[in-house]
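Inspection log for the structure reproduced underneath, given as structure tokens.
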Amino acid sequence: MNYFEHFNNLALQELEFLAKNGDIPSDLNLSRATAGSPRDPNHGDVALNAAMVLAKDARMKPRDLAELIASRLRSHDDIELVEVAGPGFINIQASPGFWSARLLEILSLGREYGASNMGAGRRVNIEYVSANPTGPLHVGHGRGAVFGDALAAVLRKAGFDVVKEYYINDAGAQVDILAQTALLRAREALGEEIGPIPDGLYPGDYMIPVGEALVSDHGDALFRMSDQEQNEVARGKAISMMMDSIRDDLAAAGINQDIFSSERSIVEAGSVDAALATLESKGLVYEGILEPPKGKIPEDWEERPQTLFRATNFGDDVDRPLKKSDGSWTYFATDIAYHFDKISHRGEELIDVWGADHGGYVKRVSAAVQALTGKKDALDVKLCQLVRVLRDGELVRMSKRSGDFITLREVVDEVGRDVLRFIMLTRKNDAPLDFDLARVVNQSKDNPVFYVQYAHARCCSVLRHAKDAGFSERPEDLIHADLTQLADEDEIGLIKLLASWPRIIEQAAEAHEPHRVAFYLQEAAAAFHQLWNKGRDDTTLRFIQTSDQEATKARLALVQGVIAVIASGLNVLGVQPAEEM
């Protein structure tokens, strides 16, 4: 249960009663009423804005309407206290029985707690990583990979039908260069001295196995083929091996996409023509001449008629070319076709996760998707900022595998999948991230992944000790505990924090911000550690009281609640909860 929504719904029910009773107009737009946290926690658990946003249409003063709603709410069993504050906010303090019921709900649902039907099964397509198949994934790709994967899990937890997708850029100049590099490495595999890799080709050692595989498949017959055949064979083998390597690296980070879409296949299927025909039918494609670029004009710029998309109709700075001077499609045209394909087959809503260096491309793609769908918010592009890899504060620049960047696999192999995934979500996606290989594995409270994992492990330790002392630690037994025994302010505060987990999921899903889950888990872990430390100073607050069976059962129920919520959150992040540390 999202308890904020619960109390807001109680207020809406009372407004409907007041409308039927003739106390307020019956045509008020109740959808504007929302619930949030009071600015000061001492003012209550939930603040309602219903009176503030509806007073004008109700032709009443906000405080008068608030008092009317509050007088009705005071009779509810779930509510201990209702007060009208300021210009007309309604502050609610929930009853102790309400919080006990939330802990029982957590015990009943376990890791499933927090799931929502907010998405109502709507299809969402998330495209992430989509690195060119010209080399191994670097750590920056890893940030987008973890972000996209965690966002998919958040949306699924919130009730959306999610398709996770990788777009393979297997057409164009870059894969032609990849083919040329593979052929050079094949000559090397045949015993030729190739010297330094020429500028413009891919110099990394990861291309050596591709050349060896080409020789294994074809021998020196490869170089008796025509140039076109050589390029086709080399391109196909290189892309296949690069994608196999990329899939392996993603799997090592716990990432498995549902669909891998090929740019070449989309073009060959005629999807560019189909997408542009759709835009043309809407009067959004025309022949025109663009104004010269602002600032210094490139030497190769020429004023000529072009096939253009009316991107400025949808907020872009200029209209965008769809064809090159040689008549082939621009990259933007094939991108339109790809998004058209996604819209047609795989999603009512689209989310693209890109690196920050693609920020200048957002407006034109958003314009195209809006033109194709008629919806302004059909596409949400999330940009992931750079990752700096450090070791004890010193920048790490070189990679053994790629030669000039740190690969994702190297980081996973050194620090582990769980650490990688959690740390990547300790900053909002559009904020730069420092990833210190030494500090992220330190076992200290300053390391967020250790801090959260340690809270879960501590809870598991409590349950083991309780079992040794003769107590049942099973949730099905603890569900009958007398939860009124949990009376300390930190115990009640921890229950309230655990009960906010469903709302965190819904907020993270709505905002497309999975880092909120990582932040919440750190807050929940801190609350548990604080209660643990309090018990060290005050023995009456320790979780296991051999002389007080009822207090122990209640506290074990709370510990099981912490386990369920932390495990649920870590599962969303793709991190395995630790039982011992």
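The values are calculated or read from the model by the stated rules, or taken from the named source; none is laboratory data. It should be emphasised that the depicted structure is a prediction, and the values quoted were computed from it without experimental measurement. Don't worry about glycine lacking a Cβ; one is built from the backbone with ideal geometry, like all the others, and counts go over all protein chains shown.
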Any idea which residue in the range 51-99 is nearest to Ile492 (Cα to Cα), counting only those that are part of a strand (DSSP E or B) and more than 36 Å from the chain's Cα centre (by Cα)? Glu80
Matching residues, the range 448-488, being assigned to a loop (DSSP other than H, G, I, E, B) and either under 16 Å from Gln549 (Cβ atoms) or in contact with a Cys (Cβ under 8 Å, 6 or more places away or on another chain) (or both): Ala469, Gly470, Phe471, Ser472, Glu473, Arg474, Ile479, His480, Ala481, Asp482, Leu486
Residues of the range 138-158 being outside any helix (DSSP H, G or I) and modelled with pLDDT of 95 or more, in sequence order, are Ala158
Could you tell me whether the range 497-511 includes any residue that is over 22 Å from Asp45 (Cα atoms), out of contact with any Leu (no Cβ under 8 Å at 6 or more places or on another chain) and polar (S, T, N, Q)? no
From the option list Ile126, Ile106, single residue qualifying as within 30 Å of Ala356 (Cβ to Cβ), at pLDDT 95 or above and not aromatic (Phe, Trp, Tyr) is Ile126
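Of the residues that make up the range 174-187, is at least one small (Gly, Ala, Ser) and surrounded by fewer than 19 Cβ atoms within 10 Å (Cβ to Cβ)?
Within the range 174-187, not a single residue is small (Gly, Ala, Ser) and surrounded by fewer than 19 Cβ atoms within 10 Å (Cβ to Cβ).
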Kindly indicate the residue of the range 308-341 that is of a type in the set (Val, Ile, Thr) and modelled with pLDDT of 95 or more and also surrounded by the most Cβ atoms within 10 Å (Cβ to Cβ) among those meeting that condition. Ile336
Scan the range 492-501 and give yes if some residue there is within 29 Å of Ala551 (Cα to Cα), crowded, with 19+ Cβ neighbours inside 10 Å and not hydrophobic (A, V, I, L, M, F, W, C), otherwise no. yes
Failed item, numbered, when Tyr286 is tested on (1) in contact (Cβ under 8 Å) with a residue 60 or more places away in the chain; (2) outside any helix (DSSP H, G or I): (1)
Filter the range 146-157 down to the residues that are buried (at least 24 other Cβ atoms within 10 Å of the Cβ) and small (Gly, Ala, Ser) and list them by number. Gly148, Ala150, Ala152
Residues satisfying the stated conditions in the range 314-339, i.e. over 23 Å from the mean Cα position of the chain (by Cα) and in a helix (DSSP H, G or I): Phe314, Tyr331, Phe332, Ala333, Thr334, Ile336, Ala337
Could you figure out which of (1) surrounded by 15 or more Cβ atoms within 10 Å (Cβ to Cβ); (2) within 19 Å of the chain's Cα centre (by Cα) isn't true of Leu437? (2)
Restricting attention to the range 105-113, does a residue exist that is under 30 Å from Arg474 (Cα atoms), under 25 Å from the mean Cα position of the chain (by Cα) and among the acidic types (Asp, Glu)? yes
Residue among Val210, Val215, Val233 that is over 30 Å from Glu349 (Cα atoms) and in contact with a His (Cβ under 9 Å, 6 or more places away or on another chain): Val233
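Is it true that Lys382 is charged (D, E, K, R) and in a strand (DSSP E or B)?
For Lys382, the condition - charged (D, E, K, R) and in a strand (DSSP E or B) - is met.
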I'd like to know if the range 26-44 contains one or more residues that are of a type in the set (A, V, I, L, M, F, W, C) and part of a helix (DSSP H, G or I). yes
Going residue by residue through the range 178-196, is there one that turns out to be closer than 30 Å to Asp352 by Cα, modelled with pLDDT of 95 or more and of a type in the set (A, V, I, L, M, F, W, C)? yes
Cβ pairs under 8 Å, 6+ apart or interchain, first in the range 453-477 and farther than 22 Å from Gln576 by Cα, second among the polar types (S, T, N, Q) and buried (at least 19 other Cβ atoms within 10 Å of the Cβ), ordered by first then second residue, are Ala466/Thr552; Phe471/Thr552
Take the residues in the range 327-368 that are without any contact (Cβ under 8 Å) to a residue 40 or more places away in the chain and hydrophobic (A, V, I, L, M, F, W, C), then tell me which one is farthest from Glu287 (Cα to Cα). Ile343
Met225 passes all but one of the listed conditions (1) surrounded by 14 or more Cβ atoms within 10 Å (Cβ to Cβ); (2) in contact (Cβ under 8 Å) with a residue 24 or more places away in the chain; (3) over 30 Å from Leu420 (Cβ atoms); (4) not aromatic (Phe, Trp, Tyr); the exception is number (2)
Regarding the range 246-260, can at least one residue be identified that is in contact with an Asp or Glu (Cβ under 9 Å, 6 or more places away or on another chain), closer than 22 Å to Ser328 by Cα, surrounded by 15 or more Cβ atoms within 10 Å (Cβ to Cβ) and at pLDDT 95 or above? no
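Among the candidates Glu506, Glu491, Glu580, Glu510, single out the residue that is assigned to a helix (DSSP H, G or I) and over 21 Å from Glu105 (Cβ atoms).
Among Glu506, Glu491, Glu580, Glu510, only Glu510 is assigned to a helix (DSSP H, G or I) and over 21 Å from Glu105 (Cβ atoms).
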Out of Ser75, Ser31, Ser26, Ser37, report the one residue that is loosely packed, with under 13 Cβ neighbours inside 10 Å and either in contact with a Lys or Arg (Cβ under 7 Å, 6 or more places away or on another chain) or closer than 26 Å to Gln507 by Cβ (or both). Ser31
Return the pair list, or none, for Cβ contacts closer than 9 Å from residues in the range 535-562 that are at pLDDT below 95 to residues that are acidic (Asp, Glu) and assigned to a helix (DSSP H, G or I), at least 6 apart or on different chains. Leu541/Asp490; Leu541/Glu491
Pairs only if they're at least six apart or on different chains, beta carbon under 8 angstrom, first in the range 25-40 and in the same structural domain as Ala55 (by TED's automatic domain parsing) and in contact (Cβ under 8 Å) with a residue 40 or more places away in the chain, second assigned to a loop (DSSP other than H, G, I, E, B) and among the small types (Gly, Ala, Ser); list them, first residue then second. Pro38/Gly44
